[in-house]
Amino acid sequence: MPANGPALVDLRQVSLTYRVGKEETLALADATLSIAKGEFIAVVGPSGCGKSTLMKLVTGLLPPSSGEVHVRGEKVVRPIKGVGMAFQNPTLMPWRTTRDNILLPLEIVAPHKQQFRRKRAEYAARAERLLASVGLGGFGDKYPWQLSGGMQQRSNLCRALIHEPEIMMLDEPFGALDAFTREELWGIMQLLWLERRFTAVLVTHDLREAVYLADTVYVMSRRPGRVVMTKRIDIPRPRTLETTFEPHFVDIVHALRERIHQEHA
Amino acid sequence: MTAGTERALRVAMPWLAMAVFLVVWELACVAFDIAEIILPRPSRIFAVTLQRWDILLAFCGETLWTTVLGFLLAIAGGLVMGLAIGASPFIYSGLYPLLIAFNAIPKVAIVPILMIWVGVGATPAVVTAFAISFFPIVVNVATGLATIEPEMRDVLRSLGATRTEILTKVGIPRAMPYLFASLKVAITLAFIGSVISETVGGNRGIGFLMLSASARNDAATTFAGLFAIAVMGVLMYAVCALVEKRMTRWAFRGELVT
């Protein structure tokens with residue numbers, strides 16, 4: 001089990017307070033959790049509970065107000081490099097073709113950056129393979145705005161993966177999609193993860209999505225967000241849509257739902 | 001009406017509207033017996049235009065090159081300043097209020113000062129055209145940069161992109177449609193700038209031509225100058241619109257997917 005490996009990401013008593021003018025909002029309180037290398041975790045909770053904040057803290061985009069974040073054993077003080085990120089909004093650049101969008105990380109992350117001109121053809125082929133693996137083979141020359149929402153989100157995942165990051169941050173990447181596309185992308189996401197075994201943090205509202213994809217699900221409380229429940233998902237992989245109708249799966253989703261309902265009460 | 005005739009009609013509409021306008025003008029002058037010194041008839045203006053074609057062309061050329069030179073300088077300066085303001089909050093807070101103050105100064109007021117500094121001639125016209133068209137370019141470029149989606153920025157930062165990389169990969173391409181949109185406004189303003197300068201203190205250009213013609217009570221020539229400026233303005237606007245479409249095809253995405 002990947003979860004038994006050494007911790008890659010370690011959050012120790014991390015809190016974050018947003019300050020707007022004189023008003024202070026405690027977004028996240030005393031979060032302590034550790035993510036093993038190659039583990040897929042999901043963070044669920046009521047809206048506004050600081051899920052996205054947690055993600056920004058792990059990647060160093062925000063400095064914690066108190067506590068410490070460690071990645072690969074080192075304290076995070078600035079944005080850590082080479083993380084793959086995918087948001088609900090695909091944020092593809094409309095002036096680049098889909099292929100050039102996917103190649104973007106290779107223009108920025110070392111050592112690809114230095115070799116980019118020389119190895120352009122090789123990288124383009126890599127992008128094309130990745131596109132094919134998410135069912136977008138041959139769409140590289142299209143502009144993002146010529147693609148449907150689901151196709152844009154697939155391209156977005158490709159962009160997050162092209163540089164083979166060790167850590168993937170997924171902030172509700174399937175949130176804006178219709179139910180069928182979403183479930184299809186769960187399958188693709190799982191497949192990519194089984195192939196590459198990156199460490200993933202998925203923030204989501206969708207409990208079924210969390211249980212389907214994650215090794216461990218963290219439930220957060222209402223603001224200020226605290227981790228109130230940690231649920232290990234012992235369902236064997238690969239999980240399929242059939243799995244989601246099995247009693248064990250349904251029981252887990254149920255238990256998570258119960259816990260979140262307590263937060264809303 | 002078929003699609004073909006509808007499209008033809010849409011192309012013809014501005015010309016038809018102009019023709020109707022000129023005919024009404026002509027008829028009104030005849031019907032109300034308006035003196036030429038107050039409002040010359042369009043046919044008379046047209047005749048004068050042909051008659052003085054050489055002079056008009058030479059003076060138009062003068063105005064055109066001062067305008068275009070000032071405009072090009074404004075693009076260069078506006079781009080640099082806009083990028084600086086949009087990229088750095090410090091430069092923004094330092095320079096933006098000054099820019100607004102500078103923009104609030106009527107440009108007519110700076111022409112006499114310019115004449116003291118550089119004398120009469122083409123230079124004040126170039127500088128005035130620059131000064132008046134600079135502001136919209138700066139504001140638009142800065143806006144383009146400042147409105148980068150925060151998520152986009154996060155994606156790049158978490159990849160380890162430097163500020164310069166964020167600027168070149170996202171900022172500049174994203175500011176381009178804003179820049180080109182501002183050029184259409186800026187070129188018209190540049191014309192206003194150089195004509196103002198020629199009118200206030202010039203010895204050349206269409207503005208000077210109009211001023212001296214009106215001093216001779218030659219209303220027809222004054223109007224001919226007015227028409228010439230309008231024609232140049234429309235032409236340069238069209239050039240800018242064409243460049244805009246060429247350079248930022250992606251921003252017109254709706255029109256491309258056909």
Zone reached by a paramagnetic label modelled 7 Å from residue B:163 Cα along Cα→Cβ, restricted to region A:44-62 with backbone N below 19 Å, covers A:61-62
Inter-probe distance in nm under a simple model that places probes 7 Å from Cα toward Cβ, at residue B:101 and residue A:145: 4.0
Along each of its three principal axes, how wide is the spread of alpha-carbon positions in region B:44-256, in whole angstrom units, largest first? 70, 44, 20
Net charge dipole size for the protein assembly as shown [Lys, Arg +1 and Asp, Glu -1 on Cβ; Debye, nearest 20]: 960
Along the Cα→Cβ direction, 7 angstrom out, place labels at residue B:235 and residue A:17. What is the inter-label distance in nm? 6.7
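Please state, rounded to one decimal and in Å, the Kirkwood hydrodynamic radius that region A:6-154 gives when every pair of distinct Cα atoms enters the mean of 1/r.
When all Cα pairs of region A:6-154 are included, the Kirkwood radius is 17.8 Å.
Taking only C-alpha pairs under 8 Å that are 6+ residues apart, what is the relative contact order of region A:75-150 in percent? Could you put the intermediate results ahead of the total?
Details: 50 pairs, mean separation 28.3, N = 76.
Reported as a whole number, the value is 37 percent.
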Please work out, to two decimal places, the log10 of the ratio I(q)/I(0) at q = 0.17, 0.18 Å⁻¹ from a Debye calculation in which every Cα of region A:151-190 carries one identical scatterer. -0.43, -0.49
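Below 8 Å, C-alpha to C-alpha, sequence gap of six or more: please give me the relative contact order for region B:95-252 in percent. Spell out each step's value before the answer.
Values: 154 pairs, mean separation 43.2, N = 158.
Result for region B:95-252 is 27 percent.
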Over the Cα atoms of chain A, Rg to Rh with Kirkwood Rh, two decimal places? 0.97
Quote the relative contact order of region A:19-147 in percent (integer), defining contacts as alpha-carbon pairs under 8 Å separated by 6+ residues. 17
Sorting A:166, A:242 on the 10 Å Cβ count, fewest up front, what's the list? A:242, A:166
Quick one: dipole size for region B:44-256, taken about the Cα centre, charges +1 on Lys/Arg Cβ and -1 on Asp/Glu Cβ, in debye to the nearest 20. 200
For region A:160-236, build the charge dipole from Cβ charges (+1 Lys, Arg; -1 Asp, Glu) around the Cα centre, then report which of A:165, A:230, A:194 sits farthest towards its positive end. A:230
Sort B:218, A:141, B:154 by Cβ crowding within 10 Å, fewest neighbours at the top. A:141, B:218, B:154
Could you tell me the center-to-center distance, by alpha carbons, between region B:22-58 and region B:173-196 in angstrom? 31
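Taking the Cβ of each residue in B:65, A:193 as the centre, tally the other Cβ atoms inside 10 Å and list the residues starting with the fewest.
Values: B:65 15, A:193 20.
In increasing order of surrounding Cβ atoms, one gets B:65, A:193.
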For region B:97-136, the Rg and Dmax computed from alpha carbons only, in angstrom: 10.4, 32
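Report the full-extension gain for the segment residue A:257 to residue A:197: residue separation times 0.36 nm, less the Cα-Cα distance, to one decimal in nm.
Values: separation 60, 0.36 × 60 = 21.60 nm, distance 2.79 nm.
That works out to 18.8 nm of additional length.
Using the Cα gyration tensor of the protein assembly as shown, with a ≥ b ≥ c the square roots of its eigenvalues, what is the shape: rounded (a/c below 1.5), prolate (a/b larger than b/c) or oblate (neither)?
Working: a/c = 3.01, a/b = 2.38, b/c = 1.27.
Prolate is the answer for the protein assembly as shown, as a/c is 1.5 or above and a/b outweighs b/c.
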What FRET efficiency comes out for residue B:18 versus residue A:81 if R0 is 45 angstrom and r is the Cβ-Cβ distance? Round to the nearest 0.05. 0.15
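Read-outs: derived from the displayed coordinates by stated rules, not from any lab. None of these values were measured; they are calculated from a predicted model. A quick note on method: Cβ atoms are made from the backbone with ideal geometry, for glycine too, and the neighbour counts reach across all protein chains shown.
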